[in-house]
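So the structure is just underneath, and the comments pick up after that.
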Amino acid sequence: MEKPSVFWFRQDLRLADNAALSAAAAQGPVIFLYVLDDTTPGDWPMGGASRWWLHGSLSALAARVPLVLRRGAADKVIGQLLSETGATSVHFTRDYAPWAGELERRVKAACDAAGAACHRYGGFLLHEPEAIRNGSGEPYRVYTPFSKACFAAGEPKPLKPAPRFLAWTGAVKGERLEEWGLLPHAPDWARGFSATWTPGEEGAAARLKAFLKTGLADYADLRDRPDRTVTSGLSPHLHFGEISPAQCWHAVRRTQLGAGGKLDKPAEKFLKEVLWREFSYHLLHHWPHLPAEPFRPEFADFPWRDDPASLKSWQRGRTGYPIVDAGMRELWATGIMHNRVRMIAASFLIKDLLIPWQAGERWFWDTLVDADIGSNSASWQWVAGCGADAAPYFRIFNPVLQGEKFDPEGSYVRKWVPELARLPQEFIHRPWEAPQLVLAEAGVTLGRNYPHPMVDHGKARDRALAAFQKLKGAA
């Protein structure tokens, strides 16, 4: 029997545009391996919502290839599989998490010990982090020049179709997906996810097609409106590699061919968002402490508050600020939160409540289906003012004004905070200002079925600015 190659699925759960898979298939019969490794990430094992997604994605993938599932430290699992099968090579897509480089070195050592070749490929990003440098040869710290450098670097490589492959027919043991317990139960807090999401490569392709048809044209003008459906919804598919950034890039570029190839405003805006993801991983690669420590070290001494009760109210969507509560409840019900509302909710936690950004980052890590170590850490630090190219700390979102600007009719709030649904538009983002008669007619009793604001935003803003000034003075 011909010796096989091992293709190790990681965050590339797709068959098309997968350079590592194409290379493995070209060498002969393939063993398709996925390893659930909760050991190597240390403090960052996959969160609950991500596990729900992973179950669906692996189910979809197993319907297309004979998938071998195993648990444990990936390098040890791969070493054992090489010993069992006599496989001559291992192929995988590069990862950029802080623990990934050392893991890949251990996998290479396991391959060397077994006399097997070890091959690593790109594909999770458009450009390798080492490839984009500023004029001094240093990593970028500011997004705008980074994005310009990416545009100047040229189009991503042409897409690769799903390769023809021959699955290895030798005996190899794997585990059943159901044994992994990835789906929640007692209670099933993810019961609403399936109405929103279809994990897997086919679900990703359908999501992209729908976005190009119904969302892209309005993307630049309406992407900040949580009451409108114009965002792509591709972030979890990109995170799990069910679609590549190159596929997204080329699909958007193809919409421009009728305009002579010149990017219009919506297409350019969307591609810049793809590059924000790219920038997040550029930062993470060069500053691997990003998920846990502030990029700007002076923020390590910021006078944060330890307030578990307030954190819990924020997590449950019980802050008394409707746009914040709507976002937190959308997150719990669907595993996603609109990007503009993420910024509003994050600003409220960090600056109105003075709770450290790491606490919010951890909650998002567990509850987002698109929880992504690069984008999550870079974006939380951006809002906190302590990251690279961050919003200044004194930029503090007013949750009332943000709600009135981006959810002007209150449709988003009415959907996710139904106890306020009958309030007039004038008061939907500031129910505490409504006359008692208006509240009564809407069925709202503040302090009973909807909370009073947990802080006065004006006073909380002053407190946050005072803390920032204290930090500057200490520096």
Within region 23-92: Cβ-based charge dipole about Cα centre, in debye rounded to nearest 20 (Lys, Arg +1; Asp, Glu -1): 200 debye
Positive-end extreme of charge dipole, the chain - chosen from Leu263, Val444, Ala190 (charges on Cβ): Leu263
For region 1-94, alpha-carbon Rg relative to the globular expectation (2.2 N^0.38 Å, N residues): 1.08
Volume per residue that the Cα convex hull of region 1-46 spans, once the total is divided by residue count, Å³: 85 Å³
Whichever lysines have a C-alpha closer than 25 Å to that of Lys173, once near sequence neighbours (fewer than 8 apart) are set aside: Lys3, Lys76, Lys108
Mean residue ellipticity (222 nm) of the chain, computed from DSSP H runs ≥ 4 via -39,500 (n - 2.57), nearest 500: -13000 deg cm²/dmol
Within region 345-385, backbone nitrogen closer than 15 Å to the virtual label 7 Å beyond the Cα of Lys269 toward Cβ: none
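First obtain the Kirkwood hydrodynamic radius of region 273-359 from its Cα pairs, then insert it into the Stokes-Einstein equation at 4 °C and 1.567 mPa s, and state the resulting D in µm² per second as a whole number.
Numbers: Rh = 14.4 Å.
Roughly 90 µm²/s, to the nearest whole number.
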DSSP-assigned coil residues among trypsin sites (Lys or Arg not before Pro) in region 208-295, each with at most 13 further Cβ atoms within 10 Å: Lys262
Reachable aspartates and glutamates, given that their alpha-carbon falls under 18 Å from the alpha-carbon of Lys262 and they are not under 8 places away in the same chain: Glu155, Asp218, Glu273
Low-density loop cleavage sites - trypsin sites (Lys or Arg not before Pro) in region 92-137, where at most 15 other Cβ are within 10 Å (DSSP): Arg133
Where only alpha carbons of region 43-163 are counted, the Rg and the Dmax (Å): 18.0, 50
Kirkwood Rh in Å, taken over all unlike Cα pairs in the chain: 24.0 Å
Kirkwood Rh in Å, taken over region 202-351 so that all alpha-carbon pairs contribute: 17.7 Å
Share of Cα-Cα pairs in region 384-428 lying beyond 17 Å, as whole percent: 46 percent
Ratio Rg/Rh [Cα only; Rh per Kirkwood] for region 120-208: 1.12
Estimated translational D of region 325-372 in µm²/s (Stokes, Kirkwood radius over Cα pairs; 37 °C; 0.692 mPa s): 308 µm²/s
Solvent-accessible heavy-atom area per residue, rounded to whole Å², over the chain at 1.4 Å: 43 Å²
Sequence-distant aspartates and glutamates (8 or more away, or on other chains) whose Cα lies within less than 17 Å of Lys470: Glu298, Asp301, Asp352, Asp462
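What's the Cα-based Rg to Rh of region 342-475, Rh via Kirkwood?
For region 342-475, the value is 1.02.
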Computed log₁₀ I(q)/I(0) - Debye formula, equal Cα scatterers, no solvent, region 194-265, q 0.14, 0.16, 0.27 Å⁻¹: -0.45, -0.59, -1.30
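The values are calculated or read from the model by the stated rules, or taken from the named source; none is laboratory data. Values in this document were obtained by computation on a predicted structure and should not be read as measured data. Virtual Cβ from ideal backbone geometry, glycine too; neighbours counted across all protein chains shown. For the accessible areas, the whole protein counts, side chains as well, though only heavy atoms, and no ligand, DNA or RNA atoms are used. Shrake-Rupley method; radii C 1.70, N 1.55, O 1.52, S 1.80 Å.
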